[in-house]
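We did not get these values from a lab; they are worked out from the coordinates using the rules stated. Computed from a predicted structure; not experimentally measured. Quick reminder, even Gly has a Cβ in these numbers, built from the backbone with ideal geometry, and neighbours come from all protein chains shown.
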Amino acid sequence: MHHRSGSNKKKRKEGGVQSTDALPSSSSSSSLGTADFLKLKALSDGPPKELKIRLIKVESGDRETFIASEVEEKRIPLQEISIKNTASEIIRACKNARVTGKFKESYLLPAFSVKPVLSTEQPIPREKLNPPTPSIYLESKRDAFSPVLLQFCTDSKNPITVIRGLAGSLRLNLGLFSTKSLVEANADQMVEVRTQVQQPADENWDPSGTGQTWPCESSRSHTTIAKYAQYQASSFQESLQEEKGSDDEEDDEEEKKPTTALQISSKLKPVGKIIKFGTNIDLSDPKRWKPQLQELQKLPAFMRVSSSGNMLSHVGHTILGMNTVQLYMKVPGSRTPGHQENNNFCSVNINIGPGDCEWFAVHDNYWGAISDFCEKHGVDYLTGSWWPVLDDLYRANIPVYRFVQRPGDLVWINAGTVHWVQAVGWCNNIAWNVGPLNAYQYQLALERLEWNEVKKVKSIVPMIHVSWNVAQTVKISDPDTYKMIKHCLLQSIKHIQILRDQLVAGGKKISYQSRVKDEPAYYCNECDVEVFDLLFVTSENGSRKMYTVHCEDCARERNPALTNVVVLEQYRMEELMSTYDSFSLVMHLHVKHTHIHILNRVQGIKSTVIFLK
């Protein structure tokens, strides 16, 4: 163990007395005797200087290590600990606090909030309840890689952005995702099918067709890409026949006007025919979908499935449909019901075509009001299937963005945005999630982590695990993001250390078992809460091969004394302390600001058109 004891490099014996080697020889002119000289010398040095050191024991599995800590530092009460404190100060405060009972604190500080403040007192005029959707037209490939595009898409004031013709400007070969290409590539791949009732996009009728409602349940089954492709094609052929038949009945003048897919959709009866929507098709296998996945590498880094600035690339394992691509095969009327993305992450959606999709979106600020509507209509906001009644939203003063996504258009769904989508024509879409490392995204992800825990819903993104991985591997230059992540790590250390001390005091042995490469994050088998570092493990039916992870609460519910429960520790405390102390804010690289010119609304579609200059 090493510690510094001031700048004085002279060797001293106990008591601060000089060794006899340093005494003057007998020829010295001093008339003092040896003993008197020693006293005088000691006084001239002043009182002996001491640096009191206390050794704090840190147990990690079967090992014990000690932290050398200066006693002179004042004791900091646990409630006064902040991100300005060192890891050893946090540990010491935890030990001094001697917490009894369950320790539970939020990973978020209200003081760090970066959410836009909305005044909800004033009623919003009717025309502002349908705000224009920001629609960005890229004039060149360079525009797609402009930092301004990233700034605009991730701005907390913009819940949703359409990037028109992105595929064209980046020369993306969307033909790779056409139904024909998909059948040629992997005809036997499984497709989840949702059987739904075809109806107009702004309506949601109850099964009897007598009134509008929020729940929109659909039954689930499975098929293959080849079989769904056959259904999609025959549905298109049938529609062409129907269209031709109805055209024959109309007069010559009407016959001259082509009927668009949008017009076909608008002719739907309130409760229409039964349709099938092919959803959640997994394109994660890099061998089976190599050309398709390679093509998506042409996208700007912040939109890619994987990039260093994407929190989902720091999970360390696959989360299907989030850090992998999913495909959707649609016929007119196919519905993706209302939802926020898992843990409020951003998402990217590209329409492959040939038909359009109609989108509805609401800013995260209003999710609570929409959740209340769901509860009122007997459908679970987080796990149920619902389609908002637009009039309900307008009456509640909630603005709704509404727009059409054409083939080649990319929709960027910002963090927390509530959205629901309906196919207007026959089309395929590809989508995945992205977690940009900014304060707004991080805050909303942690908020949903804590709300999910209250509602006993699994957080698909293990945010505590991700936060530690990000702290180890990413340099953060934004002060707000840094403060939030550092606070999360601080809270994590507190939870671990206090729980650890309580277990040891109760005589429970903790066994160290280091994580292995690509090992997934763990969740409680009972309540689905994320379990980080300290795992409460039981072997099911006495089997050596079947181990189940629990959180402390659920483990104690099964067995209050934790008999037959093994407590595994996946990180040594000094590892976490080292990561915490070395995670610091880096100097920001200045980016030259580019102006965004906003033009007037384009006729026909209510959207704000933006050109990057």
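Just how far, in whole angstrom, is region 336-374 from region 412-433 if you go by their alpha carbon centroids?
7 Å
Going by C-beta contacts inside 10 Å, put 328, 571 in order with the fewest on the left.
By the 10 Å Cβ count, ascending: 571, 328.
Calculate the FRET efficiency for residue 103 and residue 246 from the Cβ-Cβ distance with a Förster distance of 60 Å, rounded to the nearest 0.05. It would help to have the intermediate numbers written out before the result.
Numbers: r = 68 Å, r/R0 = 1.14.
In this case the efficiency is close to 0.30.
By per-residue mean of other Cβ atoms within 10 Å, what is the highest-first order of 177-184, 274-281, 350-357?
Per-residue Cβ counts within 10 Å, averaged per peptide and sorted highest first, yield 350-357, 274-281, 177-184.
What is region 142-443's relative contact order, in percent, from Cα pairs under 8 angstrom and six or more apart in sequence? Present the calculation step by step, with values, prior to reporting the outcome.
Working: 601 pairs, mean separation 90.9, N = 302.
Value for region 142-443: 30 percent.
Checking the table 486/509; 287/517; 104/455; 104/494; 102/508 against a 18 Å threshold on Cα-Cα, which pairs fail?
486/509; 287/517
Ratio to report: Rg/Rh of region 142-443, with Cα atoms as the point set and Rh obtained by the Kirkwood method; give two decimals.
Rounded to two decimals, Rg over Rh is 0.96.
If you stretched the chain out fully between residue 151 and residue 558, how much longer would it get, using 0.36 nm times the residue separation minus the C-alpha to C-alpha distance?
Gain on stretching residue 151 to residue 558: 141.6 nm.
Pop out the ³J(HN,Hα) list for region 535-541 in order, Karplus 6.51 cos²θ - 1.76 cosθ + 1.60 with θ = phi - 60°, rounded to Hz; leave Gly and Pro as x.
Coupling constants for region 535-541: 9, 9, 10, 10, 9, 6, 6 Hz.
Over 21 Å between Cα atoms: which of 376/458; 84/475; 157/458 fall into that group?
With Cα atoms farther than 21 Å apart: 376/458; 157/458.
What value does region 69-165 have for Rg/Rh, both radii from Cα atoms and Rh as Kirkwood defines it? Don't skip to the answer; put the middle values down first.
Details: Rg = 24.0 Å, Rh = 19.2 Å.
On the Cα set of region 69-165, Rg over Rh gives 1.25.
Each label point is 7 Å from the Cα along the Cα-to-Cβ direction; what then is the distance between the points at residue 118 and residue 548, in nm?
Taking the two extended label points, one gets 4.2 nm.
Under a plain spin-label model, where a point goes 7 Å from the Cα along Cα-to-Cβ, how far apart in nm are residue 539 and residue 294?
4.8 nm
Beta carbons within 10 angstrom, averaged per residue: use that to sort the peptides 515-522, 121-128, highest first.
By packing density, highest mean first, the sequence is 515-522, 121-128.
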